[in-house]
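The block underneath contains the structure these notes are about, expressed in structure tokens.
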Amino acid sequence: MSKRWQQRPGTARRQHEKDAGVVALGIWGTVVLAWAAPVGEPPPRDYPAPQARVAPVLDGRGTDACWAAAPWRPLDQRWLGPPAAPTDFTGRYKVVWTPQRLYVLAEITDERLIDTHADPLVRWWDDDCLEIFVDPDGSGGEHQYNYNAWAYHVALDGHVVDMGRDRKGRLFDEHVRVRRRQRGTVTTWETAVALYADTYDDTRPQANRPLPIQPNQPIGFALAYCDNDGSPERENFFGSVPVAGPDKNRGWIDAGIFGRLRPVPARP
């Protein structure tokens with residue numbers, strides 16, 4: 001649910017487009033899978049997430065054995081903003097799962113990290129943040145001010161924000177745990193994401209229980225990064241899936257633009 005240039009009361013939105021190809025290389029067990037997009041064709045929207053027999057330790061390193069089985073995919077779809085040099089932004093990610101959580105590992109090159117809003121519920125979309133989109137039942141559809149799907153903004157300080165039914169930002173820190181480690185201009189984000197049903201009751205947060213993740217049951221999924229290099233508003237918004245049409249900043253409203261994550265069961 002990314003907010004810069006989004007059409008809100010009193011707010012204007014600009015839009016930019018990009019055609020991009022992608023090369024993804026993944027390791028699946030002992031089999032190497034290579035995929036190269038022909039020129040002019042979009043990257044794949046499906047992601048085969050291997051099951052982790054042992055959940056990764058969230059330390060921001062991404063060195064647990066389970067990560068070796070997951071394919072890297074790029075964050076190379078420019079949903080908003082002008083072109084950026086590789087030193088300004090480059091991103092990639094991978095996903096594994098257990099029956100209790102999705103685990104998302106993101107590696108982001110960003111030459112300047114910005115978090116100018118001390119209050120996590122004030123203009124959170126204009127600070128640098130990782131954005132995790134999930135649609136637990138893969139139903140697609142509208143989720144602007146409801147919980148049909150989720151758009152978790154994961155801030156540099158670890159707070160997690162999405163919009164509630166009251167059309168205001170709410171903290172969902174208990175939904176996404178994160179550890180972040182920075183080395184030079186490269187930041188590694190290691191996250192654990194709990195999935196919640198569209199019947200989520202935000203008046204009684206403790207009464208809600210995470211959904212179990214089932215093998216081969218598709219989950220709507222996309223990843224994005226909000227990039228601000230010192231402006232009053234962020235300059236760029238990069239995503240993991242191609243979005244058709246001129247309005248590419250639709251993930252916070254329309255779960256139909258998400259890709260599909262398939263939880264692949266571990267081999268016996």
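Restricting to segment 155-164, name every residue that is farther than 20 Å from T203 by Cβ and either assigned to a strand (DSSP E or B) or touching a strand residue (DSSP E or B) at 6+ places or on another chain (Cβ under 8 Å) (or both). Even if it seems obvious, please write down each step before you answer.
Our first condition is that a residue be farther than 20 Å from T203 by Cβ; within segment 155-164, this holds for 155-159.
Within segment 155-164, A155, L156, G158, H159 qualify.
Going by the structure shown, is T199 touching a Ser or Thr at 6+ places or on another chain (Cβ under 9 Å), hydroxyl-bearing (S, T, Y) and either in a loop (DSSP other than H, G, I, E, B) or over 16 Å from V134 (Cα atoms) (or both)?
Numbers: touching a Ser or Thr at 6+ places or on another chain (Cβ under 9 Å): no; hydroxyl-bearing (S, T, Y): yes; either in a loop (DSSP other than H, G, I, E, B) or over 16 Å from V134 (Cα atoms) (or both): yes.
No.
Among the residues of segment 93-109, which ones are under 14 Å from the mean Cα position of the chain (by Cα) and open to solvent by 20 Å² or more (accessible area, probe 1.4 Å)? It would help to see each step written out before you state the result.
Our first condition is that a residue be under 14 Å from the mean Cα position of the chain (by Cα); within segment 93-109, this holds for 93-96, 102-108.
Of everything in segment 93-109, just one residue is under 14 Å from the mean Cα position of the chain (by Cα) and open to solvent by 20 Å² or more (accessible area, probe 1.4 Å), namely E107.
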If you go through segment 217-230 one residue at a time, do you hit one that is at pLDDT 95 or above and outside any strand (DSSP E or B)?
yes
So which of N208, N148 ends up being more than 21 Å from A49 (Cα to Cα) and in contact with a Gly (Cβ under 7 Å, 6 or more places away or on another chain)?
N148
Take the residues in segment 224-268 that are free of Cβ contacts under 8 Å to residues at least 24 places away in the same chain and over 22 Å from F89 (Cα atoms); name whichever of them is nearest to the chain's Cα centre (by Cα).
A244
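Looking for something touching a residue at least 60 places away in the same chain (Cβ under 8 Å) and closer than 19 Å to R262 by Cα - is there at least one such residue anywhere in segment 181-188? Working first, answer last.
The initial filter retains those residues of segment 181-188 that are touching a residue at least 60 places away in the same chain (Cβ under 8 Å), namely 181-182, 185-188.
If we keep only those that are closer than 19 Å to R262 by Cα too, we end up with none.
No: zero hits.
For every residue, the table says whether it meets (1) under 25 Å from P50 (Cβ atoms); (2) open to solvent by 30 Å² or more (accessible area, probe 1.4 Å); (3) not in a loop (DSSP other than H, G, I, E, B).
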position: E111; (1), (2), (3): no, yes, no
position: I132; (1), (2), (3): yes, no, yes
position: G138; (1), (2), (3): yes, yes, no
position: H153; (1), (2), (3): no, no, yes
Unique residue being open to solvent by 10 Å² or more (accessible area, probe 1.4 Å), outside any strand (DSSP E or B) and touching a residue at least 12 places away in the same chain (Cβ under 8 Å) when the list is R167, R177
R167
Complete set of residues in segment 180-196 that are assigned to a loop (DSSP other than H, G, I, E, B) and either under 21 Å from L102 (Cα atoms) or not polar (S, T, N, Q) (or both)
G184, A194, L195, Y196
Going residue by residue through segment 228-240, is there one that turns out to be open to solvent by less than 40 Å² (accessible area, probe 1.4 Å), under 17 Å from Y103 (Cβ atoms) and either in contact with a Phe, Trp or Tyr (Cβ under 6 Å, 6 or more places away or on another chain) or not aromatic (F, W, Y) (or both)?
yes
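What is the residue count in segment 72-92 for residues that are crowded, with 16+ Cβ neighbours inside 10 Å and in contact with a Lys or Arg (Cβ under 6 Å, 6 or more places away or on another chain)?
First, the residues of segment 72-92 that are crowded, with 16+ Cβ neighbours inside 10 Å: 73-81, 84, 88-92.
The next check asks that each one be in contact with a Lys or Arg (Cβ under 6 Å, 6 or more places away or on another chain); those that pass are 74, 78-79.
So the count comes out to 3.
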Filter segment 254-268 for residues that are among the hydrophobic types (A, V, I, L, M, F, W, C), surrounded by fewer than 20 Cβ atoms within 10 Å (Cβ to Cβ) and closer than 24 Å to D126 by Cα and give the result.
none
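The values are calculated or read from the model by the stated rules, or taken from the named source; none is laboratory data. The structure displayed is predicted, hence computed values, not measured ones. Backbone-built Cβ (ideal geometry, glycine too); neighbour counts: all protein chains shown. Ligands, DNA and RNA are excluded from the accessible area calculation, which covers all protein heavy atoms including side chains. Shrake-Rupley method; radii C 1.70, N 1.55, O 1.52, S 1.80 Å.
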